[in-house]
Structures are given as structure tokens and as C-alpha cells.
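First comes the structure, then the notes that go with it.
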Amino acid sequence: MTTNILVTGGAGFIGSHTIDLLLEHGYKVRILDNLASPVHIDGNLPDYISTDVDFVLGDVRDKDAWESALDNIDSVFHLAAYQDYLPDFSTFFHVNTVGTALLYETIVEQGLSISKVVLASSQAIYGEGKYECELHGVQYPPSRSEQQLEEKQWDPLCPVCEGKLDLLDTSEMHVNPHNSYAMSKYTQEMMGMVLGRRYNIPTVGMRYSIVQGARQSFRNAYSGVLRIFAMQALAGGPLTAYEDGDQIRDYVNVIDVARANMMVLEDVRADFRSFNVGGGRKVTVNEFGNIMAETVGAPDIKSCV
């Protein structure tokens, strides 16, 4: 059994909940985190982090930080990531991809005996998903154009005939990343699998769906719809959904994500495999908003079309 666990991004959302379970199961935990904004606005370690945790202030882009953090470590949860809607494309790759390369580089150069690396991947690598056109069969459409959005065409169209598409369940075998974040996460995952096999470092990819729950940063725009609805409810206004609110999502509670992380940690059957981590239920944004509205006593959700 591994005993000393490094959690990068451990002061954040998924990392802190994973640490809670690690401590409950008797593991010794170290955090590597840069406590950067917008997640950590004051640069201080959050109150919800146990005093039993060893903390290293550092950035995953800094090799010296990796060398310090990996000392006497058995397994790694690499959860640190850059997420934003800003067009700073290079930052996604510097943090998510190069940071992961430095993890494996340090392990190999230092000759470290690491039992397992668990990488935080994302459902974003699947792109817009899998659809079917009545005339042209299965299609993986690109992101909607500005013209489509201006014309309020909320659903993707067939890339061949621009006809109607029917949504299908997306296969795990077909990835189609459409933005810098998704590309950086898929590159990270593939790098981990290739280097892990090459240097005998058991690696697991966790393709998280839309994770929601406690400790999610209100200051991080990438936190998603729960953040938006909560802020609107606290302000006393109606809850509003972008577009028509009929977008289908797979929400998953952060506690379930932390449990999934624990499941793959000690199970060798997970080695060199990638897993979808979701709630397993199709929920529209409108449905999610109405649940939130009923819970907090806010007016019914409205669409911004």
C-alpha cells in the first residue's frame, strides 16, 4: 500500500475533497499548489485544508518545485490545471501539458519509485459530441460558428449538408478537442500514458465531467453553471440560462469524483487506462436551474435567447 501521496492543486476544488478522503483512509498527504488567482484571491491556504497536510508552495511549471514536492512520495494525484475563457492559449499548454512533462521528467531523472500517477483529464476532449444526420450518418460536428449563434441556431448542424442532427451517446474511442483547454488536457493524458508505459510508471486518466459542489471558487468563471445560479440567487434576481437552456450536461458531485480518485489509486486494473467520471444522467441546464431555484426559493429559471 502506498502511504505518501502528493496532490498537485490540492488546495483547490477537486484536490481538497480528494485529500479529505486520503486522510480518512490513513494516507500522508503533501500539497503542491501556487495558490494563484482567480481560485485563491488572497494567496493563503484555505481554512478547509487540514493542518495534518504538508504544504509546498510552488508552480507545476517549475522543475525545482517538482523536485521538492516529489521527495519521499509514493503516488501522485496531478490535479493542478489552468482553466479560463481568456485567449491566452499558451498558458493552457504551459501549465497543463508542460507541467505534466516536468512531472515525468523529474521522476525519470531522479530515479523515483512512483507507484501511480492519476491525471485529471476532462470530458472536454470529446468536443461537441457524437451526432447522426439522416442523410450522412454519424457526424462529429465542429463548434458552432459566430453566424450560427447570431442567428440563434443553438444546435450543431451536419458539417456536410447543414441539416438537422440527432444526438447520440459519445464513444470513448473518439476524441475531438475543440479548444486550447481540451487540446492541452488530451495531450497531457496521452503523454502520461506513453511516458508511463515507457518508464514503468502506472498512470490513470480521469476524464471528469462537469463537476459541481462545495468549495467551488465563485471567482473562477470556469466553475460553471452552479456558480452562476448561486450568485444570481444570492443577489435576489432570477436565474438565467444562456441560449435556450436546453443544453444537455452530465453533472457529477465533487464527492463522487473524489471517491472515483480513491478507487483507482490502489487498483492495478486501472493502470494505463482512462475513465469517464460523470453522474451518468442527462440533465438540461434548465432542469438544473429549476432544481436550484426550488432549493433556494428563487424564481423559475429564464432563458437568455
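Can you pull the three principal axis extents for the Cα set of the stretch 36-77, in Å, largest first?
Computed over the Cα atoms, the extents are 28, 25, 15 Å.
Consider all pairwise Cα distances in the stretch 161-281 and report the whole-number % of them above 17 Å.
Values: 5058 of 7260 pairs.
Cα-Cα pairs in the stretch 161-281 separated by more than 17 Å: 70 percent.
Work out how far the C-alpha atoms of the stretch 128-171 reach from end to end along every principal axis, then list the three figures in whole Å, largest first.
29, 20, 12
Could you work out the equivalent-ellipsoid semi-axes for the stretch 1-117, taking the square root of 5 times each eigenvalue of the Cα gyration tensor, largest first, in whole Å?
Semi-axes, largest first: 22, 19, 11 Å.
Taking mean projected area of the Cα convex hull in nm² straight from the coordinates, which label in (i) 14.5; (ii) 15.6; (iii) 16.8 is the correct one?
(iii)
Please go through the residue pairs 63/116; 185/282; 116/185; 130/302; 116/282 and name each one whose alpha carbons sit more than 25 Å apart in this structure.
Values: 63/116 19 Å; 185/282 23 Å; 116/185 18 Å; 130/302 28 Å; 116/282 32 Å.
Exceeds cut-off: 130/302; 116/282.
How big is the dipole moment of the stretch 156-244 about its Cα centre under a simple scheme where the beta carbon of each Lys and Arg is +1, that of each Asp and Glu is -1, and everything else is neutral? Debye, nearest 20, please.
Numbers: 8 positive and 7 negative charges, 120 e Å.
About 580 debye.
Could you compute the longest span of the chain free of GluC sites (Glu not before Pro) located in DSSP loops and having at most 13 other Cβ atoms within 10 Å, not counting the site residues? Can you show the working numbers first?
Working: sites that count: 134, 151, 162, 172, 266.
That would be 1-133.
So, by mean Cβ neighbours within 10 angstrom, what's the order for 201-209, 53-61, 274-282, 232-240 with the highest one leading?
Numbers: 201-209: 22.6, 53-61: 18.1, 274-282: 16.6, 232-240: 14.7.
By packing density, highest mean first, the sequence is 201-209, 53-61, 274-282, 232-240.
None of the figures in this text is laboratory data; all of them are computed from the coordinates on show. These numbers come from a predicted model, not from an experiment. Glycine gets a Cβ as well: all are built from the backbone with ideal geometry, and neighbour counts include every protein chain shown.
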